[in-house]
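Report on one structure; see the data block that follows.
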Amino acid sequence: MPELLKITKLIKKLSPERGRYDFEDMINLVIEAFAKDKDLLRTYQERLQYFLIDEYQDTNSGKIK
């Protein structure tokens, strides 16, 4: 198995155990919560018309200031 794949799998395994999530994880957790709990989904549908997701940090050049 290529080293990068091993590292990626290890990160995916250890991140939730350590309370670390990436952007994709956070979106998927919300989708799962809404799918499992229809009352939760209904509450947010009634309260919010739109979600604003700020993903600006993923568009930067990678330079640290």
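I need the phi-derived Karplus couplings for the range 42-52: 6.51 cos²θ - 1.76 cosθ + 1.60, θ = phi - 60°, integer Hz, Gly and Pro marked x. Once rounded to whole Hz, the list reads 4, 4, 6, 5, 7, 8, 10, 8, 9, 10, 9. What the phi angles of the range 3-20 give under the Karplus curve with 6.51, -1.76 and 1.60, with θ = phi - 60°, is a coupling list of 4, 4, 5, 4, 5, 4, 5, 5, 4, 4, 6, 7, 4, x, 4, 9, x, 10 Hz, glycine and proline written as x.
Rule-based calculations on the coordinates, nothing more; no lab input. What you see is a predicted model; the values in this text were computed from it and never measured.
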